[in-house]
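*Asks:* Take a look at this one; I'll ask things after.
The values are calculated or read from the model by the stated rules, or taken from the named source; none is laboratory data. These numbers were taken from a predicted model, which means no experiment stands behind them. Here the Cβ positions follow ideal geometry from the backbone for every residue, glycine too, while neighbour counts run over all protein chains shown. All accessible areas refer to the heavy atoms of the entire protein, side chains included, with ligands and DNA or RNA removed. Shrake-Rupley method; radii C 1.70, N 1.55, O 1.52, S 1.80 Å.
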Amino acid sequence: MRLSKTVDAPASFIFDKLVESSLYDIKQQTGESIHFEALKGYTYHKTFQNKQKAEITITEVVKNETYEFITVMMLREYKTRYQLKALGENSCEIICEEKQVSHGVLQRYNDMIMEILIGWQKKKQMRYMFDGMAKVYHESKI
């Protein structure tokens, strides 16, 4: 899946929100408070609401430009990458790419079908999330 969206907020603001979200998740899952500088290469385990477990490794962090992580679950792996491009002082383009690798033939077919059926919904949720970040930025300026 690939999604590109222009938002009315600086790349630095969007990047900070992505990092804040990860630091919060790490604190919730591990109890550890880490700093931004320690993110690259950091691995932790997460339990989702449906009791599914995953290992998350943050693989690339370039301030205000790139945030990438890999989520490994029992039957699949996801590589998620956020690329930010400043378009001006108060706007940027967000390119989000998610690649999925499924383990097992049946899982691969199931995941392909699910991507066809609900892939549009995931993109819609991501657009909504990016618009929400821009809204927070504008509200913080008031």
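*Asks:* Let me see the pair-distance distribution of the chain: every alpha carbon pair, 10 Å bin width, integer percents in order.
*Replies:* 11, 36, 37, 15, 1, 0
*Asks:* Which trypsin sites (Lys or Arg not before Pro) from the stretch 1-81 combine a DSSP loop assignment with at most 15 other Cβ atoms within 10 Å?
*Replies:* The qualifying sites are Lys40, Lys51, Lys63.
*Asks:* Oh, and also: For the stretch 39-91, max minus min Cα coordinate along each principal axis, in Å, sorted largest first?
*Replies:* Principal extents (largest minus smallest coordinate, Cα): 42, 22, 16 Å.
*Asks:* For the chain, what % of the accessible area comes from carbon and sulfur atoms, probe 1.4 Å?
*Replies:* 54 percent
*Asks:* At 0.36 nm per residue, minus the direct Cα-Cα distance, what do Thr43 and Leu87 gain on full extension? Give it in nm, one decimal, please.
*Replies:* That pair, Thr43 and Leu87, stretches by 12.6 nm at full extension.
*Asks:* Counting helices only, and only those DSSP H runs with n ≥ 4, report the 222 nm mean residue ellipticity of the chain as the sum of -39,500 (n - 2.57) divided by its residues, in deg cm²/dmol to the nearest 500.
*Replies:* Taken over the chain, the calculation gives -14000 deg cm²/dmol.
*Asks:* With Cβ to Cβ distances under 14 Å as the rule, what net charge do the other residues near Gln121 carry (K, R +1; D, E -1)? Walk me through the intermediate numbers first.
*Replies:* Numbers: positive: Lys122, Lys123, Lys124, Arg127; negative: Glu98, Glu115.
The answer is +2.
*Asks:* Out of Ile34, Ile56, Ile70, any idea which swings most in a Gaussian network model of the chain, alpha carbons joined below 10 Å?
*Replies:* For the chain, modelled as a Gaussian network with Cα springs under 10 Å, the answer is Ile34.
*Asks:* Evaluate the charge dipole of the chain about its Cα centre and quote only its size in Debye, nearest 20, assuming +1 on the Cβ of each Lys and Arg and -1 on the Cβ of each Asp and Glu.
*Replies:* Using Cβ point charges on Lys, Arg, Asp and Glu, the chain gives about 460 debye.
*Asks:* Moving to a separate point now. Taking only protein heavy atoms into account and a 1.4 Å probe, give the accessible area per residue of the chain in Å².
*Replies:* Result: 64 Å² of accessible area for each residue.
*Asks:* Here's something else I'd like to know. Which residues make up the longest stretch of the chain clear of GluC sites (Glu not before Pro) that lie in a DSSP loop with no more than 14 other Cβ atoms within 10 Å, not counting the sites?
*Replies:* Counting at most 14 other Cβ atoms within 10 Å as exposed, the longest clean stretch of the chain is 33-88.
*Asks:* Let me ask something additional. What does the net charge come to around Leu23 if you take all other residues with beta carbon closer than 12 Å to its beta carbon, with K and R at +1 and D and E at -1?
*Replies:* Residues close to Leu23 contribute a combined charge of -3.
*Asks:* Report Ser33's accessible area, 1.4 Å probe, all protein chains in place, as a number in Å² to the nearest 10.
*Replies:* 90 Å²
*Asks:* Right, another one. What residue among Thr80, Thr59, Gly41 has its Cα farthest toward the positive end of the dipole of the chain, where the charges are +1 on Lys, Arg and -1 on Asp, Glu, each on the Cβ?
*Replies:* It is Thr80, whose Cα lies furthest towards the positive end.
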